[in-house]
Every structure is written in C-alpha cells, then in structure tokens.
1. Sort the chain into rounded, prolate or oblate with this rule: let a ≥ b ≥ c be the square roots of the eigenvalues of the Cα gyration tensor; rounded if a/c is under 1.5, and if a/c is not under 1.5, prolate when a/b is larger than b/c, oblate otherwise.
2. What order do you get for Thr15, Thr281 when you list them from fewest to most C-beta neighbours inside 10 Å?
3. In whole Hz, what ³J(HN,Hα) sequence does segment 121-132 give by Karplus (6.51, -1.76, 1.60; θ = phi - 60°), x for Gly and Pro?
4. Is any residue of segment 11-33 close enough, with backbone N under 18 Å, to a label point placed 7 angstrom from the Cα of Glu97 along the Cα-Cβ axis, and if so, which?
5. How many nm separate the modelled label positions at Arg118 and Leu305, each set 7 Å beyond the Cα in the direction of the Cβ?
6. Between Arg61 and Thr281, what's the calculated FRET efficiency when r is the beta-carbon distance and R0 is 30 Å? Round to 0.05.
7. Report the one residue of Ala150, Ile102, Trp167 whose Cα lies farthest in the direction of the positive end of the charge dipole of the chain (charges on C-beta: Lys and Arg +1, Asp and Glu -1; origin at the Cα centre).
8. Need one number: nm distance between label points at Ala203 and Ser235, each 7 Å from Cα along Cα→Cβ, rounded to one decimal.
Amino acid sequence: MTAQHRIGSGFGPRTTAREVLAGIDLSGRTALVTGGYSGLGLETTRALSAAGAQVIIPARRPAAAKEALRDIPRTETHELDLADLRGVRVFAETLVETGRTIDLVVANAGIMACPETRVGPGWEAQFAVNHLGHFALVNRLRPALADGGARVVSVSSGAHFGSGIRWNDIHFRDGYDKWLAYGQSKTANILFAVHLDALGAAAGIRAFSLHPGSILTPLQRHIPRAEQVALGWISPGGTPAEDFKTPEQGAATTVWAATSPLLEGHGGVYCEDCDVAEVATGDTAGGRVAPWAVDPGEAARLWDLSAELTGVDAFS
C-alpha cells in the first residue's frame, strides 16, 4: 500500500472532472461505472466518455439510464441490482464470457441514510448494496480485469468518520441508526480498496477509494428537506452550503483516482480533492481519513467476512 500522504497533484477542491482529464486519451479503454447515469456517476461517465473511453453502465433502472445517457457517446447500459447477488453473478459472468477487457471499474452506486431495509438473507441494505454488492461484482469480474493496468475506484465518503466496522452487529440487529449504517458502509468501501490493492498489486491491478466532497445529488433522496436544512447542507430556500461542490467538481477525484499518471505504481490509498489524503490524528474529517478505515488488519478481516457472505473470492 502506498503511504497515505498528499503528493501535490496540482488540483484542488474546485477542479472539475474534465480538467483532470485534460490531455489524457482514454481511446481504446473500457470503463465500468455502477450507477453511472445519475448524480456523480453521470458526471463520471460523461467525463470518461469525452476522453474517449467506452463506458459500461450497470443500472438498477435501465430505462432511466438509457434516457439519461442518450446524448453521451460510447456508453452502454445493462441491468444490475447490487442488492441481488444472483443478478450480480449473472451480469458479471455474461460480461466475462464476451472476452472483453475492463480497464477501469468505478464502484459508484450507493444508497444513503435510508429507512431500515433488509435485503438477501436479512442484511442491512446500506452495507449490502454499498459494500457487498460491489465486492461480489469486482471479484466476479476478475477474469476481465486488465492485468498490468486495471484500476478499481471505490467511491466512499467523509461520512466514514461516523463509524468503523461494527463487528459485533454489522447488520444492526440490535437497533438501527441510518447514519451509523451509512458511515459503516463507507468505511467498508475504503477497507475494500485497501485489501483489494494488497491482493491485486502483483498482477498490476490497483485500487483506490475517495471522498468526492459534499454535493447535492439524488443520493439524498431519503433525507427530508428539513433535515438537510438542520444539517446545514442547504438554506431554508434550498441554496447549497458554500462548501458544497457542483457534480462536475464532485466527480473530479473519482476520475483522478481512475486515470492520474501520478498514481502509476501506487494504490490502496484514500483520496480527497484530487490528491491523497492524510491520516487524521483527531476527529476532524476535512482532507483526512480515519485511521480505522486504512488499517490493513481491519481490511483483511472485512475481506474474509465479505468473501464468506458473498461466496466469492477471486483474488486471495
């Protein structure tokens, strides 16, 4: 794993995805962006396509995805619900059987602070969708990942400061808290990248995680307007807080982690504002990552549990 320290990328919090990709030619490369038809995912897809990449978009709502992507070239939509591991297997196996090579995977889709929801064998939905679905997808896509150059980018959040992995009650059997559940799932996104990079580095498959910043997107659909005002995200009139990014700015760190030449030969790190983040020494999230989220021991433990729960482990 690369040291968790800033590297001086030259970009910042207001950089856009297109600015990150200026001068980068992705012609002949294939990217897969989960949820790549809405919010940050749509901006990620738009930027990668503009740089020449072919973009595969697995979508829970394929009709809505096709409508959102109709004016973006080099995109294709396939049905996939990350909460359905049988569907994940079918999607991945079908893609692998085509013989195509995947150069970039952006694990972008997710849910935030939803009402208590159970999927599969009673799993808490945020952990299941945000983490386990992507874990299973990337593992099942292993035969298609380009050795010596593939990158997997896991979209996390500064909300990971809200909770580490709750080993004694991961699925909130003993009382549900929507924000703790979201925070745990975002910690899981980071730990996934840490251990995936450790396992994949020898084959040249590198993994990164990131906080895109605070952005108003459909991700907030479960959060009432009054709660968003109370949290300081928006004014009573609906104006976003000054430190909020536009979707184009929010997609920049995702695209930077997926393509930056500065990250060649590196991996396993958590990024923010188009740079590697420092490890926090207190409880302040800004520009930093919580120590528990980049702990290799925690990452290995979560990987083993995830492999047990999903029944797939193509990297170990």
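Bear in mind that the values in this text are calculations on the coordinates, not laboratory data. Fair warning: this is a prediction, and the values are worked out from it, not measured in the lab. Here the Cβ positions follow ideal geometry from the backbone for every residue, glycine too, while neighbour counts run over all protein chains shown.
1. Taking the square roots of the gyration eigenvalues as a ≥ b ≥ c, the chain is rounded.
2. The fewest-first ordering by Cβ neighbours comes to Thr281, Thr15.
3. x, x, 6, 5, 5, 5, 5, 5, 7, 5, 10, 4
4. none
5. Modelled inter-label distance: 1.9 nm.
6. After rounding to 0.05, the efficiency reads 0.10.
7. Farthest towards the positive end: Ile102.
8. Between Ala203 and Ser235, the label points sit 5.2 nm apart.
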